[in-house]
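The values are calculated or read from the model by the stated rules, or taken from the named source; none is laboratory data. Quick caveat: nothing in here was measured; it's all calculated off a predicted structure. Reconstructed Cβ throughout: ideal geometry from the backbone, glycine too, with neighbour counts over all protein chains shown. Calculation scope for accessible area: heavy atoms of the full protein, side chains included, ligands and nucleic acids excluded. Shrake-Rupley method; radii C 1.70, N 1.55, O 1.52, S 1.80 Å.
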Amino acid sequence: MERVALVTGGTRGIGAAISRALKAAGCRVVASYAGNDAAARAFAEETGIAVLRFDAGDYDACEIAVAEITKGHGPIAVLVNNAGITRDTTLARMTREMWDTVIATNLTSCFNLCKLTFDAMRAQKFGRVINISSINGQAGQYGQVNYSAAKAGMIGFTKALAQEGARHGITVNAIAPGYIDTEMVRAVPEEALQKVIAKIPVGRLGEAAEIARGVVFLAAEEAGFITGATLTMNGGQYMT
Ligand code: NDP
């Protein structure tokens, strides 16, 4: 059966790999994005995947988007909360705006979209929520109190909502990727990046497609007994 999947931030980086993999697994995918129209257009042309621009951190914008997706494609059954940003600096230098934007985009977006799709998943007696957290939410990271808090928050959110969804065929899981070869990571200065790679036992950055593989695994019908879990995918860098 063709399930409708929404992948936030699904037009670039890890999200784009997730969108492609879910499509290959038989889902009808909608990939959202924030503002990079050119990248979204190129992605849509190349993959045939529908794209939709809205701010996942803005509840009203999410409400309009979910209504549009439901009308155009059907009720959402698979939700991948992947949209994420960083605004790194030490607490001493961090502004309130840097805190608020990172919490809104990474964490409040999960509330917004789960809240707006949960009833439809209950009605389908099937739902798969997969929240893309981070190794830095598990281990903490210097210069990232905002991002580490948001990503750790996603793990708590996952465990709590998993309990609410369990009786309704809805599973809620998180994936905590380590350092993956995307634009977000390529923005890290080369010297700092080499230091990161030196700490990864497998000796390399991860590939977006490797994270997508975890999402497809958790999204499958057969994964109904896995809920509230955090799948750590980091090349052995941090073992929980
Ligand atoms: P990218 O920066 O490559 O892509 C981010 C995507 O999110 C883009 O499609 C972007 O849209 C979209 N986006 C950003 N803000 C919003 C918003 N407010 N509303 C909707 N969409 C938004 O990120 P990555 O692929 O590197 O990261 C994906 C996820 O994985 C993030 O949650 C990140 O925190 C997490 N992660 C990444 C790791 C890594 O090593 N890369 C490691 C651990 C976790 P647009 O194209 O319009 O800008």
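Taken as a whole, the condition of being in contact with a strand residue (DSSP E or B) (Cβ under 7 Å, 6 or more places away or on another chain) and of a type outside the set (S, T, N, Q) does not apply to Gly140.
Residue check: Gly9 meets all listed conditions (1) outside any loop (DSSP other than H, G, I, E, B); (2) near the ligand (Cβ under 8 Å from one of its atoms) but one, namely (1). Scanning region 33-63 for residues that are in a strand (DSSP E or B) and of a type in the set (Val, Ile, Thr) turns up just one, Val51. Candidates Val30, Val102, Val66: the one that is in contact (Cβ under 8 Å) with a residue 24 or more places away in the chain, crowded, with 17+ Cβ neighbours inside 10 Å, within 14 Å of the chain's Cα centre (by Cα) and in a helix (DSSP H, G or I) is Val102. Residues in region 73-99 that are in contact with a strand residue (DSSP E or B) (Cβ under 9 Å, 6 or more places away or on another chain) and open to solvent by 50 Å² or more (accessible area, probe 1.4 Å): His73, Pro75. The residue of region 131-175 that is most open to solvent (accessible area, probe 1.4 Å), among those that are part of a loop (DSSP other than H, G, I, E, B) and among the polar types (S, T, N, Q), is Gln141. State whether one or more residues within region 114-122 are at pLDDT 95 or above, under 26 Å from Leu205 (Cα atoms) and either open to solvent by 20 Å² or more (accessible area, probe 1.4 Å) or not polar (S, T, N, Q) (or both). Looking through region 114-122, none of the residues is at pLDDT 95 or above, under 26 Å from Leu205 (Cα atoms) and either open to solvent by 20 Å² or more (accessible area, probe 1.4 Å) or not polar (S, T, N, Q) (or both). Restricting region 187-226 to residues that are closer than 21 Å to Ser19 by Cα and near the ligand (Cβ under 9 Å from one of its atoms) leaves a set whose member that is nearest to the chain's Cα centre (by Cα) is Ile211. Being assigned to a helix (DSSP H, G or I) and in contact (Cβ under 8 Å) with a residue 40 or more places away in the chain is the filter here; which residues of region 12-23 pass it? Listed by number, the residues that qualify are Gly13, Ile14, Gly15, Ala16, Ala17, Ile18, Arg20, Ala21, Leu22. Checking each residue in region 50-71 for being among the basic types (Lys, Arg) and either within 12 Å of the ligand (Cβ to nearest atom) or in contact with a strand residue (DSSP E or B) (Cβ under 7 Å, 6 or more places away or on another chain) (or both) picks out only Arg53. Looking across region 12-49, the residues that are of a type in the set (A, V, I, L, M) and more than 14 Å from the ligand (Cβ to nearest atom) come down to Leu22, Ala24, Ala25.
Within region 46-60, identify whether any single residue is more than 16 Å from the chain's Cα centre (by Cα), polar (S, T, N, Q), open to solvent by 60 Å² or more (accessible area, probe 1.4 Å) and under 25 Å from Arg186 (Cβ atoms), and answer yes or no. Checked against the condition, which is being more than 16 Å from the chain's Cα centre (by Cα), polar (S, T, N, Q), open to solvent by 60 Å² or more (accessible area, probe 1.4 Å) and under 25 Å from Arg186 (Cβ atoms), region 46-60 yields no hits at all. Taking region 33-45 as the range and being within 21 Å of Arg3 (Cα to Cα) and crowded, with 21+ Cβ neighbours inside 10 Å as the test, the residues that pass are Tyr33, Phe43.
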